[in-house]
Structures are given as structure tokens and as C-alpha cells.
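For reference, the structure discussed in these notes is given below.
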Amino acid sequence: MFKDYASRAVSTLWLLFINGLLTLLPFIITAGIISFCFKLLKFWFSPLKHLQQIFPLLNGIPHSEFIIGIGIIFVAGIVLKSFVIRYVVKIFETIVDQVPLISLIYMSVKQLVQAFSPEDHLSFKQVILVEFPRAGVYSIGFQTTQVGSHFSPNQQKRYFNVFLPTTPNPTTGIFLIVAEEECIPTKLTTQEAMTLIISGGIIQPDSCKVN
């Protein structure tokens, strides 16, 4: 009898512990991610502390390097709208393009960032489904450009370059060359597909929800 009560008590306590853990876990993970991002940004912005000598009023403000960094980002966004600055950036990229390793890293990162930009309408043509990594299993991919005839595996078919992002970091992924008939089109927008991928399918757009 005593063993039964003890077993039930342990089971109840364990169930309460699991329920509490599952309730608090999203808050803990969210707080951890925010804390990590805050420390990472603080490290990136740490060189801006030297600018406090120019603006003494910022010395009394905690984490003032964030204010300086955000201000610089806004100013850069405004200035880059200028044709002259764009021309200077083009010259800089031309110089960087001459350095073998740096040019590969810089241009790859730039193209990837532009592809995920909300203002970019050219890099990702369409969100599709592709049978990968095996038949019967489908992955979300981004159809980019058509493969040139000189590189096409079969001259009688049309092939497309497809980028398959990974979860939860969509900036990494797999590059595939897929035949047109194997690209299954979807009605997802780039932002909806990215949300679905980053969350591992937990956060679904309305078009994917089961009624």
C-alpha cells in the first residue's frame, strides 16, 4: 500500500516538474537567445566606445555604443541612397574583387544577404518543393535561375538552380540542379517559407494550417 502511494506521489511530482519545465522552457530559451544576441552585438559595437570622447553626453548612458551603432546604421542607409556613395561602393567592390580569397567571401555573403532581403525580387524566383533527400520526402527550396544549356544535364529538358536552406539557420543550405518537372510550385512567399524553415515547422502560415 505504502509503495503504491509513494509511486503515485513520485509520478505526480514528476508530472508537475515536466509541466513546469515545458511551461518555462520557451521563456528561458527566448531569454537566452536575447541575452546571447545582446552580448554579441555589444562585442561588435565595443570599438564604438572610443567615439564617446567626441560625444561626452553619452558617457553617462549605459550601453551607449548601441545608440552610436544604430545611428551609424541609419545614417549609412540614408547615405547609401545617394548615387555618389553607390559609385564609391562600386569602386570598393571592384578593388575587393581583385583579392582572391576576400572577394569570394565578400561577394558570396553579399549575394546571400541580398537574396534574403525583403526588397530583393530577383534572387528567389519561387518557393518550391523538391523530393530530397530521398523519394517521398519533400524539402522546401528556393528556385533561383534557369541552368544554361551548356551546363544542362539533358539538352531536351529545362533545369533550375535550387537552394535548400537548413533549419534553424537558413543562411546555410544545399545547392541543387533540378529538372523543371521535379520542381513543385507552392503559394508560399519567401518570408512565409523562411518562418516555416527557421521554426522547424512549428510556426506555420495560414495557407499551411490544417482546418
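The values are calculated or read from the model by the stated rules, or taken from the named source; none is laboratory data. Computed from a predicted structure; not experimentally measured. Methodologically, a virtual Cβ is constructed for each residue, glycine included, from the backbone with ideal geometry; neighbour enumeration extends over all protein chains shown.
Residues in the stretch 114-137 that are outside any loop (DSSP other than H, G, I, E, B) and modelled with pLDDT under 65 were compared, and the one that is nearest to Ile177 (Cα to Cα) is Ala115. Which one is modelled with the lowest pLDDT among residues in the stretch 73-106 that are assigned to a helix (DSSP H, G or I) and of a type in the set (S, T, N, Q)? Checking each candidate, the answer is Ser103.
Filter the stretch 145-163 down to the residues that are over 20 Å from Ile105 (Cα atoms), at pLDDT 90 or above and in a strand (DSSP E or B) and list them by number. Listed by number, the residues that qualify are Tyr159, Phe160, Asn161, Val162. Checking Thr195 against (1) loosely packed, with under 13 Cβ neighbours inside 10 Å; (2) over 15 Å from Phe132 (Cβ atoms); (3) within 17 Å of the chain's Cα centre (by Cα): exactly one of these is not met. Which one? The one condition Thr195 does not meet is (1). Confirm whether Glu181 is within 13 Å of the chain's Cα centre (by Cα), at pLDDT 85 or above and more than 24 Å from Ile105 (Cα to Cα). Taking the combined requirement at face value, the residue does not satisfy it.
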